[in-house]
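Contents: one structure, followed by commentary.
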Amino acid sequence: MQKTINQLSDAAIPIDDDDWGSDRQVSAENALAKFVIDNAGIDWFETQLSTIEGSKLSVEEGIELIRSQFVKHYKGK
């Protein structure tokens with residue numbers, strides 16, 4: 001599961017400024033969100049989004065937060 005979250009997170013991070021919001025980047029971000037929701041639940045995902053929005057994190061920082069929290073969340077499971 002950690003390999004999958006890492007792959008999805010890496011793919012969701014914009015490659016450069018031109019890639020931010022591109023079809024490729026948005027699709028990758030949606031795939032990451034779907035994986036997280038399917039495995040951790042919508043409530044957990046929404047909590048992470050609230051933290052990201054409240055902290056005004058960049059896309060890259062938000063993706064990294066979700067990745068790190070997901071790994072911590074599933075480490076003992």
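Below, the figures for the structure above:
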quantity	calculated
Residues being surrounded by 18 or more Cβ atoms within 10 Å (Cβ to Cβ) and of a type in the set (S, T, N, Q) - total across region 1-46	2
Region 47-61 - residue that is in contact (Cβ under 8 Å) with a residue 12 or more places away in the chain and closer than 16 Å to residue 8 by Cα and, of those, surrounded by the most Cβ atoms within 10 Å (Cβ to Cβ)	59
Enumeration of residues in region 31-57 that are not in a helix (DSSP H, G or I) and not basic (Lys, Arg)	41, 57
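Each reported figure results from applying straightforward, stated rules to the coordinates on display, with no laboratory input. None of the values given here were measured: they were computed from a predicted structure. Here Cβ is always computed from backbone atoms with ideal geometry, including for glycine, and neighbour counts include all displayed protein chains.
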